[in-house]
Every structure is written in structure tokens, then in C-alpha cells.
1. In a Gaussian network model over the chain where Cα atoms closer than 10 Å are linked, find which of 41, 58, 66 has the largest mean-square fluctuation.
2. Please give the length that would be gained between residue 20 and residue 44 if that part of the chain were fully extended, namely 0.36 nm times their separation in residues minus their C-alpha to C-alpha distance (nm, one decimal).
3. So how tilted is helix 64-77 from the main axis of the chain? Cα-based, degrees 0 to 90, rounded to 10.
4. Measure nothing but the geometry: give the 0 to 90° angle between the long axis through the Cα atoms of 19-36 and the longest principal axis through the Cα atoms of the chain, rounded to 10°.
5. Which FRET efficiency value, to the nearest 0.05, is calculated for residue 27 and residue 65 with the Förster distance at 22 angstrom and r the Cβ-Cβ distance?
6. Would you indicate which of (1) 14.1, 42; (2) 11.8, 35; (3) 13.8, 45 is the value of Rg and Dmax of the Cα atoms in Å derived from the coordinates of this structure?
7. How long is the gain from residue 75 to residue 6 if the chain were fully straight, where each residue apart is worth 0.36 nm and the alpha carbon distance is subtracted?
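Nothing in this text is a laboratory measurement; each read-out follows from the coordinates by a stated rule. If you're wondering where the values come from, they're calculated on a predicted model, not measured in any experiment. Reconstructed Cβ throughout: ideal geometry from the backbone, glycine too, with neighbour counts over all protein chains shown.
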């Protein structure tokens, strides 16, 4: 897992080939998150970088559900 724990969140930053790839990954992650009913904070910045932050909002910390979502995201990133 290429995730860092920063300020009570699982964080991963990705450099994509271009804006189109960043948007495609954003959308793939959104589908997974919706199916799990667990929604990360996603942000595209500098046109080709994607930031993913996962934590359980109502607990304001990392829970097992966050690790499950991170594992599912890792599958599409391979």
C-alpha cells in the first residue's frame, strides 16, 4: 500500500499523464466509493495530479473501512 497516514487520514497523491487521465481516475474512484457508501476527499490540482484523502468523517479518524477503500483503490491503480 502506497498510502501515508497524515493528520488522521490515509493520503495518496498521484501524478497522471495528463488531465484526462486524472479525471478518469477520479471517476473510477467515485464509482467504487459510491458502491461502498464511503466517500474520500478527491482533488485534481495542477491539471494532472490527483490527491486522495480517506478517513471516516463522522469519527474524524481512520477506521477499518478506510483501509478497505484504500485497498479497492489500489486495485484500479495497478
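1. 58
2. Taking residue 20 through residue 44 to full extension adds about 7.6 nm, to one decimal.
3. The answer is roughly 20 degrees.
4. The angle comes out near 30 degrees.
5. 0.55
6. Here Rg and Dmax of the Cα atoms in Å agrees with entry (2).
7. 22.7 nm
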